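The values are calculated or read from the model by the stated rules, or taken from the named source; none is laboratory data. The model shown is predicted, which means the values in this text are computed figures rather than measured ones. Cβ: placed from backbone, ideal geometry, glycine included. Neighbour counts: every protein chain shown. For accessibility, only protein heavy atoms count, side chains too; no ligands or nucleic acids. Shrake-Rupley method; radii C 1.70, N 1.55, O 1.52, S 1.80 Å.
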Amino acid sequence: MSADWFRRRFLPRGPLPAQRPPRPRASPVPYRRPRFLRGSGSSSGTADASRRPDARPVRSPVRGRSLPWNAGYAEIINAEKSEFNEDQAACGKLCIRRCEFGVEEDQEWLTLCSEEFLTGHYWALFDGHGGPAAAILAANTLHSCLRRQLEAVVEGMVATQPPMHLSGRCVCPSDPQFVEEKGIRTEDLVIGALESAFQECDEVIGRELEASGQVGGCTALVAVSLKGKLYVANAGDSRAILVRRDEVRPLSSEFTPETERQRIQQLAFIYPELLAGEFTRLEFPRRLKGDDLGQKVLFRDHHMSGWSYKCVEKSDLKYPLIHGQGRQARLLGTLAVSRGLGDHQLRVLDTNIQLKPFLLSVPQVTVLDMDQLEPQEEDVVVMATDGLWDVLSNEQVARLVQSFLLGNREDPHRFSELAKMLIRSTQGTDDSPIQEGQVSYDDVSVFVIPLHHQGQGHSSH
């Protein structure tokens, strides 16, 4: 990396010139909180008034407003990190219709109609960065993309085995054998629909933000129940876990520059022009200095999970493609996640280097078979944005969940109360169950999805 770029990016500067007031920009979607929070006291068009870390209100749906599967939800805004709550949430029933070939239909996704063929449910969390616009667009778009993708394959989903030809035409008598040899199952069609929906939603966000002159991106964590299975799709650093009486099981993996180091380095190896001569793709235990020239130091490249030594050259002194450790790791010195939606216009500061080629919108999908699981009364899935996981581990959350549910079996609103309690546990307050002084200053959003008696009778055709 050039010395000029590093000086501009990281060293103190002189007095800044007076900034012109920004031109007003029309948001592609007006700022608002999730629809199911209406009436809870949340503000629909302005930032929350109370922003002191010790006075941030925890909000959840009003009592009497039921979410799918009687799920619980709660959220809290950040402590003045940004003007708005950049998290967004969505949930509802998925109504998937049998599509006639050659017929285009457009129908509100939540409308239940006589053409309904398959039904499922959907919960989603979106954690925005660079403003709330991308997360708002995702919350209002991804479910429609998913419904379209599922309707395109629904005939194959309800077959005993996905057919080679969706039209039913048999070109080769051995087609069923070829499908079986590939191990293609019904759940693979749902996984493919989720992957395609994320990609489609990413393209919509890119077009909408470019048209409005805005920037930004978001992570996406989605759970979909369909035909007795729960699908958890994640692109970013939000997290979902399954909590049972004697088990805690991760249902997602975080995608950060560190966890996807080899993929990112390999892309830079294949297309070195993406780094514009300003970065080195190699990883070193620390940022190299001029005194390291000619010395043999530890390093690793895209093809290595282990480490080796190399003689330091001048090109190795450039700024690293991935720099920092843990939560401080950044891609191109800019972004803390390696998957998500949006960020089409994002560039490295003071350069024309784009981050989008290194970002994936494709989620990782985990499948939970509800029939095999045989859920018990206290079994739940906890979905939350990274503000929760920054201060609580999977095991800490599991202990809080197990203790709370055992002590509140008769409360019909216990899952929303549990979601609120989990958020309060991140605030370091006197009544927090975690007495370790840990505080999350980020936006935090939590879904608690109960699994007992769910799935049966909720997906039909």
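Restricted to segment 153-187, and to residues that are open to solvent by less than 50 Å² (accessible area, probe 1.4 Å) and of a type in the set (D, E, K, R), which residue is modelled with the highest pLDDT? Give the steps one after another, and end with the answer.
Going through segment 153-187, the residues open to solvent by less than 50 Å² (accessible area, probe 1.4 Å) turn out to be 153-154, 156-159, 162, 172, 174-175, 179, 183, 186-187.
Those still in the list that are of a type in the set (D, E, K, R) too: 175, 187.
On the way: 175: 79, 187: 94.
This residue is 187.
Consider residue 232 carefully, then state whether it is assigned by the TED database to the domain that holds residue 154 and either surrounded by fewer than 22 Cβ atoms within 10 Å (Cβ to Cβ) or aliphatic (A, V, I, L, M) (or both). Even if it seems obvious, please write down each step before you answer.
Values: assigned by the TED database to the domain that holds residue 154: yes; either surrounded by fewer than 22 Cβ atoms within 10 Å (Cβ to Cβ) or aliphatic (A, V, I, L, M) (or both): yes.
Spelling it out, residue 232 is indeed assigned by the TED database to the domain that holds residue 154 and either surrounded by fewer than 22 Cβ atoms within 10 Å (Cβ to Cβ) or aliphatic (A, V, I, L, M) (or both).
Of all residues in segment 193-218, which are within 22 Å of residue 150 (Cβ to Cβ) and among the hydroxyl-bearing types (Ser, Thr, Tyr)?
196 - this is the single residue of segment 193-218 that is within 22 Å of residue 150 (Cβ to Cβ) and among the hydroxyl-bearing types (Ser, Thr, Tyr).
Has segment 209-220 got any residue that is crowded, with 20+ Cβ neighbours inside 10 Å, over 30 Å from residue 319 (Cα atoms) and outside the structural domain of residue 326 (by the TED database)?
So far as segment 209-220 goes, no, none of its residues is crowded, with 20+ Cβ neighbours inside 10 Å, over 30 Å from residue 319 (Cα atoms) and outside the structural domain of residue 326 (by the TED database).
Can you pull out every residue in segment 300-321 that is open to solvent by 30 Å² or more (accessible area, probe 1.4 Å) and either touching a Lys or Arg at 6+ places or on another chain (Cβ under 7 Å) or of a type outside the set (D, E, K, R) (or both)? So that I can check it myself, show each step before the final result.
Taking segment 300-321 as the starting set, the residues that turn out to be open to solvent by 30 Å² or more (accessible area, probe 1.4 Å) are 300, 302-303, 305-311, 313-315, 317-318.
The answer is 302, 303, 305, 306, 307, 308, 309, 310, 311, 315, 317.
Looking only at segment 385-420, how many residues end up being under 25 Å from residue 442 (Cβ atoms), open to solvent by 60 Å² or more (accessible area, probe 1.4 Å) and out of contact with any strand residue (DSSP E or B) (no Cβ under 7 Å at 6 or more places or on another chain)?
3
Given (1) under 24 Å from residue 446 (Cα atoms); (2) open to solvent by 60 Å² or more (accessible area, probe 1.4 Å), identify the lone condition not met by residue 330.
Of everything listed in (1) under 24 Å from residue 446 (Cα atoms); (2) open to solvent by 60 Å² or more (accessible area, probe 1.4 Å), residue 330 misses just condition (1).
Is there a residue in segment 152-172 that is in contact (Cβ under 8 Å) with a residue 24 or more places away in the chain and touching a strand residue (DSSP E or B) at 6+ places or on another chain (Cβ under 6 Å)?
Checked segment 152-172: at least one residue is in contact (Cβ under 8 Å) with a residue 24 or more places away in the chain and touching a strand residue (DSSP E or B) at 6+ places or on another chain (Cβ under 6 Å).
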